[in-house]
Structures are given as structure tokens and as C-alpha cells.
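Presented below is the structure to which this report refers.
Every read-out reported here was derived from the displayed coordinates using simple, explicitly stated rules and does not represent laboratory data. Bear in mind that the values here come from a model prediction, so they are computed numbers and not experimental data. All Cβ positions, glycine included, derive from the backbone under ideal geometry; neighbour counts span all protein chains shown.
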Amino acid sequence: MSTYDLIGFDMDGTILNSEKTISGRTLDAVNRAASSGKKVILSTGRCISELKEFEDLLQNVRYYVCESGALIYDTALKSVLHSETFPRDTVERVLEIAAAEDVMVYMMSAGAPFANRREVSNTSHFHMGLYQDMMNRTANQKDDLAAYYRSTQIPVEKLNLFSASAEIRERIYARIRELPVSIAYSEETSLELSPLHVSKASGLVWLCRYLRIPLERTVVVGDADNDAEVLRIAGLSVAMGNALPRIKKICDVVVADNDHDGCAEAVDRYLLSANS
């Protein structure tokens, strides 16, 4: 009998291959896991709007831990179950720091992304060209994001800062680390900011309590720095073959990379195996 009741997948670099699609083998594994009574969830830095294109494909995935734990969404109820937001003065300070640097601010509010129009049209400058189409489709594009924020006072769950260079990222990090925020490195030159003490780990803890599933009965699969905390608390931590070396080091096991169905391997070897 399997030891695990829930499996959580990161999206980019994990359940999505290099083409930003889900392979047939991986999708089949997800569906078999759900059909066997296991909970299959997404644990991602993306917001709800950025996951809509996968909703029909992933019909057996009911719960999303979105925005690196800041928002938890139930696809069956079409409802936000839980969310965390920044204090207003923290957002103001981040915007002030960003204004002095060559950086794209990507703000998430109520499950939707907001960004400056001129930066969305030039994502390759910020080493985010792979996400250009997605941002064109999903981002609420503003002529002046900072002014829009100050005039609307929208609640903000997450802030991504896409820098033009690694040096700029380090300079921003040095200033932002003094603020009451959680910080994770992502992509080539980016930082992900969440409300203090919020992470994919806190999101999984909240959802497991909601579902009454002990953490020790969870499997989490990831590849990057923003997965580190949740991998450390999972019952079984699984690194993708393409994961960063430091992520592989903290995980219990390593599977194939995201272009060779590592997620399907995790399901079959560790979630559904009678000996797991």
C-alpha cells in the first residue's frame, strides 16, 4: 500500500517541458494518480490567470497553490480558499527601489498579473522572452503600473522583479532583504517576493490542514530555488533531473528531467507503487 496521499507539482521546469507543454505520458500519470484516489495539486509561482490555459487539460487537478503559496485556489468551486497580501507600505517601497533600476515589475493581485505595457513588449531584455506570449495573453498592461497601484490600492499577493542582469538582481536583493518580505531567486535574473513567512511550503501546510492530510503523506516535485522550502517539509522530496544542483542535494530522490517525463516517473515509482 502506498505511503502517500498527495503529490504536488511545480509548473515551469517540472510538469511543463521545455516547450511549456505537458506531455501525454505525464498527463496520463496525473490522471491515473487522481483516478486512484490521490490528491494531485499544482505548487507554482504562477497566478490563476496564467494557469487557465491548462485547466481543461488538468481537469483532475482540483487545487492550486498559486503565487508561491500566497493564494490557494479550488478549481471545482472556482473560488479562492486562502490568500496573503503585502502591507501597502511594503509594496510602495519595492516600487520605489525598482524605479531606480532596469527591472520589470510583475505584480499579482486577486490571481491576476499586472505590468507596465512597455516592459511586457520587451520581455527578452529582462531574460523572460520565453514567457512573452503568456504575458501578452494574461497581463493587465498599464502605462504606469506604480501610478495605477497608488490610485487603486489593489491588494498585492506577490511581486516578481525581472532584472536586466544578474548584477542588477543582486543590487536589488541587497536593498529588499531589509524589508518584511520572503525572497526567492528564480529564472536567470529574477526575484520573487512574497509576504513575510509566505512560501510554497506555507501554502502546502495550509492546504494539507484543509484536506486533513499529514505532511508526511505528501510527495513534492520541483526543480528551482522557490521549491526549496516546500521540498524540505514534504514526506518525500523529488528533484527533477534538470533541477539545480543545490535542489538535488536537499531532495530524497532524483527523477528524469522535464523533457523526459520525470513527473510521470515520480507518480509511478513513488506515489502509486505498492512498495512506496
> What order do you get for 249-256, 215-222 when each peptide is scored by the mean count of other beta carbon atoms within 10 Å, highest first?
Replying inline: 215-222, 249-256
> For S237, S49, what ranking results if the residue with the fewest other Cβ atoms within 10 Å of its Cβ goes first?
Replying inline: S49, S237
> Once fully extended, how much extra length lies between R177 and R117, figured as 0.36 nm per residue of separation less the alpha-carbon to alpha-carbon distance?
Replying inline: 18.9 nm
> Of K20/K52; K200/K249; K200/K248; K142/K200; K38/K248; K52/K249, which sit over 21 Å apart, Cα to Cα?
Replying inline: K142/K200; K38/K248; K52/K249
> Between D144 and K248, 0.36 nm times their residue separation minus their Cα-Cα distance comes to what?
Replying inline: 33.4 nm
> In degrees, nearest 10, range 0 to 90: what is the angle between the Cα axis of helix 200-211 and the longest Cα principal axis of the chain?
Replying inline: 50 degrees
> Taking Cα atoms, how many degrees apart are the long axis of helix 166-176 and the longest axis of the chain, rounded to 10 and kept between 0 and 90?
Replying inline: 80 degrees
> On a 0 to 90 degree scale, rounded to 10, what angle separates helix 88-99 from the longest Cα axis of the chain?
Replying inline: 70 degrees
> Once the other residues with Cβ under 9 Å from the Cβ of T44 are scored (Lys, Arg +1; Asp, Glu -1), what is the net sum?
Replying inline: -2
